[in-house]
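Q: I have a structure here, written as structure tokens, and I will follow up with some questions on it.
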Amino acid sequence: MEFPTVCPACAGENRAEFTDSSVHDLTCAHCGARYCVFLRKQKFEVLFDLGTQALMDGYAREAVASFAAALERFFEFYVWAFTLERAANAEQEFGAALSGLEGTWRHVASQSERQLGMFALAYLLREGHEPDFLTARGLGTDFRNRVIHRGALPTRAEVEAYAALVFALIDRLLTELGPGAAHAELAQEQVFASHLAGLPDGVTAVFEEHPGMFRARRFGGLAPTPKLSPQPVPGQVPGQPRKPGKAVNDARAYQQALFRQALEERGALLRSFKGPPLNVPPGRE
Ligand SMILES: [Zn+2]
């Protein structure tokens, strides 16, 4: 998957492929200048944005794999943030904490069930209560498995509901993490710093932040989303008798509203990261 970059020497556009490390060593196709793009974006954000693009482009089924992967990578991000935050609070040295974490993660890296286990404990230790959303229903597991492992062809509406569920969950956990998220981002900065130190003379470093679906929320730009009334917590809505099953529907409606709003505010920006063609004739969309 590609994204456009601008050459710092001639301002020409070059497309780069997303890398796992978020470091992109490039040579301009127009003027031959060498530059390196450091993308300040977490893996879960890249994956969620790729899923959103696929959904907007009509590839509903393909989008599911990206949303599911985004959630798994977010759980990893959470464990990273929690562990490094805890180490910082205990005045542990960052490098030592990071290498301990990397070593530990290697034991769970190839199995997502193990990672989920680590996340569950991290959540309990940080928030002081059970991660009650870690159910098949709360994670949309059945739907995900049907599509990914059994080849089911989902409707766009089903995929949108799944995207909304994943989005709302990540959004909520990011909100709970608050400034704690910065500790995981520091790990990325460390990777950048060591690559930067090794860049040969004459290579220009370019740092970029992409306007992904979660960025606005994290930097406070996304307008606050009013929780739809009635709330999914019984007894909070004055004058409204609750019906059985309503809480589930309310939660879904809230997820949908949150995702739609983010899509409205950020979707247009995401379009610029689609593959070619960049110029869609007016009225096509
Ligand atoms: Zn150039």
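Q: List every residue whose amide H lies under 5 Å from the amide H of HIS210, counting only residues 5 or more places away in sequence or on a different chain, with H placed 1.01 Å from N in the peptide plane.
A: ARG40
Q: Follow-up question, since we're still on this one. By accessible area of protein heavy atoms, probe 1.4 Å, what ranking do ASP171, ASP20 get, highest first? Walk me through the numbers before you get to the answer.
A: Details: ASP171 10, ASP20 130 Å².
Sorted by accessible area, descending: ASP20, ASP171.
Q: In whole Hz, what ³J(HN,Hα) sequence does segment 169-182 give by Karplus (6.51, -1.76, 1.60; θ = phi - 60°), x for Gly and Pro?
A: 5, 5, 4, 5, 5, 5, 4, 5, 5, x, x, x, 4, 4
Q: Moving on to the next point. What whole-number value in cubic angstrom gives the convex hull volume per residue for the C-alpha atoms of segment 44-182?
A: In segment 44-182, the Cα hull volume divided by residue count equals 104 Å³.
Q: Using a simple charge model, +1 on the beta-carbon of Lys and Arg, -1 on the beta-carbon of Asp and Glu, nothing else, what dipole does segment 44-182 show about its Cα centre, in debye to the nearest 20?
A: The calculated dipole for segment 44-182 is roughly 460 debye.
Q: Set the Förster radius R0 to 22 Å, insert the Cβ-Cβ distance between ALA90 and LEU121 as r into 1/(1 + (r/R0)^6), and round the FRET efficiency to 0.05.
A: E between ALA90 and LEU121, to the nearest 0.05, is 0.80.
Q: Sequence-distant or interchain residues sharing an amide H contact under 5 Å with ALA205, placed H: which?
A: HN-HN under 5 Å from ALA205: CYS36.
Q: Amide H neighbours of THR5 under 5 Å, at least 5 residues apart or on other chains, H built in the peptide plane: list them.
A: Distant-sequence amide H within range of THR5: ASN14, ARG15, ALA16.
Q: Mind ordering 79-90, 121-132 by average Cβ neighbours within 10 Å, highest first?
A: 79-90, 121-132
Q: For segment 44-182, what's the relative contact order in percent, using C-alpha pairs closer than 8 Å and at least 6 residues apart?
A: On the way: 115 pairs, mean separation 43.3, N = 139.
The value is 31 percent.
The values are calculated or read from the model by the stated rules, or taken from the named source; none is laboratory data. Nothing here was measured: the structure is a model prediction, and the numbers come from that model. Glycine also receives a Cβ, built like all others from the backbone with ideal geometry; neighbour counts cover every protein chain displayed. The protein model used for the area step is the full one, side chains on, heavy atoms only, and it has no ligands, DNA or RNA in it. Shrake-Rupley method; radii C 1.70, N 1.55, O 1.52, S 1.80 Å.
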